[in-house]
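The values are calculated or read from the model by the stated rules, or taken from the named source; none is laboratory data. Computed from a predicted structure; not experimentally measured. Cβ atoms come from the backbone with ideal geometry, glycine included; neighbour counts cover every protein chain shown. Protein only, heavy atoms only, side chains kept; ligands, DNA and RNA dropped before computing areas. Shrake-Rupley method; radii C 1.70, N 1.55, O 1.52, S 1.80 Å.
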Amino acid sequence: RLIAEDPRSAEIIKPWLRGRDVKRWRVDGGKLYLLFTRRGIDIKKYRAVSNYLEQFKERLMPGARGGRKPGNYAWYEIQDTIDYFAEFEKPKIVYPDIAARCEFAFDAQGFYGGNTIYLIPQNDLALIGILNSRIVEFFYRQITSMIQQDYMRFFSPYLGQTPIPVVTPQQRHAIELLARQLLDAQGVGPQVAVWEQELNDHVYELYKLNKAE
């Protein structure tokens with residue numbers, strides 16, 4: 001509706017992801033949107049968005065009781081600077097902050113997200129294959145904090161400890177091919193278990209594990 005009223009609105013309306021929308025090998029987004037009125041925006045350029053936000057002005061005032069935190073920002077602006085916002089626009093690996101297993105997915109649609117998802121700003125299918133492998137999950141369970149029902153916290157201080165091996169071009173090709181198949185299938189279907197086992201076998205070789213290990 002906002003775009004129909006003023007086509008320029010499309011410049012600042014961004015598709016939005018929550019942690020619950022990120023699954024292993026896929027994102028279930030496309031239903032929610034963010035009005036990305038970042039600091040310094042000339043809101044007068046976006047008439048339809050400005051008119052829409054007016055109804056929430058009292059609640060959006062900086063420092064309003066029960067509202068947003070105090071600060072030197074306009075009522076219609078997002079309260080934080082979000083200096084890394086351009087990374088959301090790029091192809092990237094995304095994952096939820098809490099999950100029962102490794103739930104890494106790939107986003108090429110420019111989704112934005114809040115503090116229930118995180119991102120690795122790389123277009124690297126081999127990396128996503130490694131991160132969704134059994135060996136990485138085994139390692140990660142040894143170092144991360146756990147919460148109820150055996151869920152893991154995927155915070156950067158933990159994930160940053162994950163050792164990523166050097167991958168030869170031949171190994172990369174094999175892992176990328178399987179990762180692409182799993183992404184295209186969105187992690188669903190009768191072949192997924194077979195493809196994931198093949199992927200795990202390749203990743204075991206990267207970490208130089210023998211059959212028993």
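Worth a mention:
- For the residues Tyr52, Tyr112, Tyr95, a GNM of the chain with alpha-carbon springs under 10 Å puts the largest fluctuation on Tyr52.
- Estimated dipole of the chain in Debye, rounded to 20 [Cβ of Lys and Arg +1, of Asp and Glu -1, Cα centre]: 700 debye
- Dipole of the stretch 80-124, positive end: most advanced residue of Phe111, Ala99, Tyr84 [Cβ charges, Cα centre]: Ala99
- Contact order normalised by residue count of the stretch 64-172, Cα under 8 Å, 6+ apart, percent: 23 percent
- When a 1.4 Å probe is rolled over the protein heavy atoms, the share of accessible surface on the stretch 1-57 that falls to carbon and sulfur comes to 47 percent.
- Loop chymotrypsin sites (Phe, Trp or Tyr not before Pro), the stretch 151-196, which have at most 13 other Cβ atoms in a 10 Å radius of their Cβ (DSSP): Phe155
- The stretch 141-175-the stretch 15-32 distance, computed between alpha-carbon centres (Å): 20 Å
- Our summary gives the chain a relative contact order of 19 percent, counting only alpha carbon pairs under 8 angstrom and 6 or more residues apart.
- DSSP-assigned coil residues among chymotrypsin sites (Phe, Trp or Tyr not before Pro) in the stretch 65-108, each with at most 14 further Cβ atoms within 10 Å: Tyr84
- The stretch 159-213: trypsin sites (Lys or Arg not before Pro) in DSSP loop, at most 10 other beta carbons within 10 Å: Lys208, Lys211
- Helix-only CD estimate at 222 nm, as mean residue ellipticity for the chain, using -39500 (n - 2.57) per DSSP H run (n ≥ 4): -9000 deg cm²/dmol
- GNM remark for the chain: springs join alpha carbons under 10 Å apart, and the peak mean-square fluctuation among Thr168, Thr144, Thr37 falls on Thr168.
- Solvent-accessible area per residue for the chain (1.4 angstrom probe, square angstrom): 59 Å²
- Top positive-direction residue, dipole computed over the chain with Cβ charges, set Gly19, Gly63, Ala126: Gly63
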